[in-house]
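Data block below; observations after.
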Amino acid sequence: MTESSVPPIPPIPSMPPNNPPPSVRKPRTNLVVIGSAVAVIAAIVVTGTVVVQSRTDDGKPAATAEPTAHDDNVPADQPDPEPTYSDVDADSFTIGLKTTAKHCFGSAGCNVTVEPDLTFLGDTAEVDPDAVYEITYEIHGDESGPVIETAELSDRTSLNYRSSMISTASSGTEVSAEITDVSVQAE
């Protein structure tokens, strides 16, 4: 092949410029609808009030009850009587001991750390929430004799106490407790 036998290369057609068509703005109706719905829901939540007027079967508004006095002999401006609470004594509780640590030394016995596990046997609503009760109890099983401890009950359910460390004669010694006194402390 010679140079003269090569056909000439046709000219490359010109390409249109690479300009994308102008974007068409889509209406934002979805955002407007969603925004409106959110605003309505927020307004309902913020006000938090739905007013419903009850009606009887015949379409008339229902009657409202008028407040009545409990006793016609008691003036309405007198405060309610002071609440009364049950007496709390040693028989109002059961006690057990929870062992939190135990270190034994063969035939020399064990050092045992215990905490009181108190259960109130009545309804706690009958306990004066403003009173502080001192609950005295004896721990049995220490090789030198009973150990006397005190726990404080306040706010009907808050029990404050110290853990007790006792020494037992052997690892098989049973450790127990009994409540000996409950007293109310002055407020």
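The values are calculated or read from the model by the stated rules, or taken from the named source; none is laboratory data. The model shown is predicted, which means the values in this text are computed figures rather than measured ones. Note: ideal-geometry Cβ built from the backbone for every residue, glycine included; neighbour counts use all protein chains shown. For the accessible areas, the whole protein counts, side chains as well, though only heavy atoms, and no ligand, DNA or RNA atoms are used. Shrake-Rupley method; radii C 1.70, N 1.55, O 1.52, S 1.80 Å.
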Next on the checklist: Being in a loop (DSSP other than H, G, I, E, B) and touching a Pro at 6+ places or on another chain (Cβ under 7 Å) is true for just one of ARG156, ARG162. Which residue is that?
Outcome noted: ARG156
Checklist outcome for this item: Residues of region 162-187 being under 31 Å from the mean Cα position of the chain (by Cα), buried (at least 16 other Cβ atoms within 10 Å of the Cβ) and not small (Gly, Ala, Ser), in sequence order, are ILE179, VAL182
Next on the checklist: Which numbered condition in (1) outside any strand (DSSP E or B); (2) modelled with pLDDT of 95 or more is the only one that PRO129 fails?
Outcome noted: (2)
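Got a sec? Which of THR100, THR136, THR150 is touching an Asp or Glu at 6+ places or on another chain (Cβ under 8 Å) and touching a residue at least 60 places away in the same chain (Cβ under 8 Å)?
Numbers: THR136 fails: touching a residue at least 60 places away in the same chain (Cβ under 8 Å); THR150 fails: touching a residue at least 60 places away in the same chain (Cβ under 8 Å).
Sole residue among the options that is touching an Asp or Glu at 6+ places or on another chain (Cβ under 8 Å) and touching a residue at least 60 places away in the same chain (Cβ under 8 Å): THR100.
Please verify whether ALA101 is at pLDDT below 95, out of contact with any Pro (no Cβ under 6 Å at 6 or more places or on another chain) and not in a loop (DSSP other than H, G, I, E, B), treating the condition exactly as stated.
Working: at pLDDT below 95: no; out of contact with any Pro (no Cβ under 6 Å at 6 or more places or on another chain): yes; not in a loop (DSSP other than H, G, I, E, B): yes.
Answer is no for this residue.
Can you tell me how many residues within region 109-153 are aliphatic (A, V, I, L, M) and open to solvent by 70 Å² or more (accessible area, probe 1.4 Å)? Full working, then the answer.
Of region 109-153, the ones aliphatic (A, V, I, L, M) are 112, 114, 118, 121, 125, 127, 131-132, 135, 139, 147-148, 151, 153.
Filter again for open to solvent by 70 Å² or more (accessible area, probe 1.4 Å), leaving 121, 148.
Residues meeting the conditions: 2.
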